[in-house]
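Engineer: This structure is in structure tokens; I'll ask about it shortly.
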Amino acid sequence: SKSETGSCFLQYCILPRCFLTPNDALYCAKFLETMLKIDTPWLSMIHFYDQLIKTIPSCISGCTSHEAATYGRFLNEVLRNLISWKDDAAVYQRECGSKRGFSSDFFVKNAPTISHFNYCDVFVKWCRRIYTYFTGGLKSESEVHQLNTMSIMMAIHKVFPRLA
């Protein structure tokens, strides 16, 4: 179904590969950019990014330190795009404003895309969620969770945290 497309794409196409090597992580991030540019039908990018953010805790707990660093590289590239759209309304409008993946109602044909203002609200929610996940990872009693969280944070430190 339309609502499951993003979740399936994440589960079967992106997550298995973004942990393999740094080049694979970069490939996955660039592939997402391409999916948006070609305006892939039946793929809500907003829903996809929301699902991606929600998988961070399980990714932290279920990987090796090498995989965590590689995943961090992937997140760094993804967050860089999300931030560029938040920081500049013109960039958001040019890259996302006419795309079906940013539709305000994905199930309605020709629905308007979400406004830059609303995207910024969603972005802040994602950042708060990531902050909560990282705080939990660092406070975890598991040394593996702590190390993986730090590895990911080191990989994204230039782009996260970023609320202002």
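Engineer: With 161, 112 as the choices, which residue is surrounded by fewer than 15 Cβ atoms within 10 Å (Cβ to Cβ) and in contact with a Phe, Trp or Tyr (Cβ under 7 Å, 6 or more places away or on another chain)? Don't jump to the end; show me each part of the working.
Structural biologist: On the way: 112 fails: in contact with a Phe, Trp or Tyr (Cβ under 7 Å, 6 or more places away or on another chain).
Sole residue among the options that is surrounded by fewer than 15 Cβ atoms within 10 Å (Cβ to Cβ) and in contact with a Phe, Trp or Tyr (Cβ under 7 Å, 6 or more places away or on another chain): 161.
Engineer: Just one of 96, 13 is of a type outside the set (A, V, I, L, M) and either closer than 19 Å to residue 159 by Cβ or in contact with a Gly (Cβ under 6 Å, 6 or more places away or on another chain) (or both); which is it? Reasoning before the result, please.
Structural biologist: Values: 13 fails: either closer than 19 Å to residue 159 by Cβ or in contact with a Gly (Cβ under 6 Å, 6 or more places away or on another chain) (or both).
Exactly one residue qualifies, and that residue is 96.
Engineer: Would it be correct to say that residue 19 is within 23 Å of residue 138 (Cβ to Cβ) and at pLDDT 95 or above?
Structural biologist: Spelling it out, residue 19 is indeed within 23 Å of residue 138 (Cβ to Cβ) and at pLDDT 95 or above.
Engineer: Take residue 131 and tell me if it is surrounded by 18 or more Cβ atoms within 10 Å (Cβ to Cβ) and within 25 Å of residue 25 (Cβ to Cβ).
Structural biologist: When the stated conditions are applied, residue 131 does not pass them.
Engineer: With respect to residue 29, is the statement that it is touching an Asp or Glu at 6+ places or on another chain (Cβ under 6 Å), touching a residue at least 40 places away in the same chain (Cβ under 8 Å) and under 30 Å from residue 142 (Cβ atoms) true? So that I can check it myself, show each step before the final result.
Structural biologist: Values: touching an Asp or Glu at 6+ places or on another chain (Cβ under 6 Å): yes; touching a residue at least 40 places away in the same chain (Cβ under 8 Å): yes; under 30 Å from residue 142 (Cβ atoms): yes.
Yes: the conditions hold for residue 29.
Engineer: Looking only at helices (runs of 4 or more DSSP H) that fall completely inside segment 1-83, which ones have 3 or more residues that are open to solvent by less than 50 Å² (accessible area, probe 1.4 Å)?
Structural biologist: Fully inside segment 1-83 and qualifying: 2-9, 22-37, 45-54, 56-61.
Engineer: Give segment 86-104 a look and list any residue that's buried (at least 17 other Cβ atoms within 10 Å of the Cβ) and under 16 Å from residue 35 (Cα atoms), or say none.
Structural biologist: Hits for segment 86-104 are 92, 95, 96, 97, 99, 100, 101, 102, 103.
Engineer: Hey, another quick one. Select from segment 94-116 the residues that are in a helix (DSSP H, G or I) and touching a residue at least 40 places away in the same chain (Cβ under 8 Å) and write down the one among them that is farthest from the chain's Cα centre (by Cα).
Structural biologist: Keep residues of segment 94-116 that are in a helix (DSSP H, G or I), which gives 94-95, 100-102, 116.
Those left that are additionally touching a residue at least 40 places away in the same chain (Cβ under 8 Å): 95, 100-102.
On the way: 95: 16, 100: 18, 101: 14, 102: 14 Å.
Residue satisfying both the conditions and the ranking: 100.
Engineer: Which residue pairs have Cβ atoms under 9 Å apart, sit 6 or more places apart or on different chains, and have a first residue in segment 132-149 that is within 13 Å of residue 58 (Cα to Cα) and among the acidic types (Asp, Glu) and a second that is open to solvent by 80 Å² or more (accessible area, probe 1.4 Å) and in a helix (DSSP H, G or I)?
Structural biologist: none
Engineer: When you scan segment 38-57, do you find a residue that is out of contact with any Gly (no Cβ under 7 Å at 6 or more places or on another chain), free of Cβ contacts under 8 Å to residues at least 40 places away in the same chain and under 15 Å from residue 102 (Cβ atoms), even just one?
Structural biologist: Yes: one or more hits.
Engineer: Of 124, 91, which residue is farther than 21 Å from residue 25 by Cα, over 16 Å from the mean Cα position of the chain (by Cα) and of a type in the set (Val, Ile, Thr)?
Structural biologist: When all the criteria are applied, what remains is 91.
The values are calculated or read from the model by the stated rules, or taken from the named source; none is laboratory data. Note that the structure is a prediction, hence the values are computed from the model and not measured. Glycine also receives a Cβ, built like all others from the backbone with ideal geometry; neighbour counts cover every protein chain displayed. Calculation scope for accessible area: heavy atoms of the full protein, side chains included, ligands and nucleic acids excluded. Shrake-Rupley method; radii C 1.70, N 1.55, O 1.52, S 1.80 Å.
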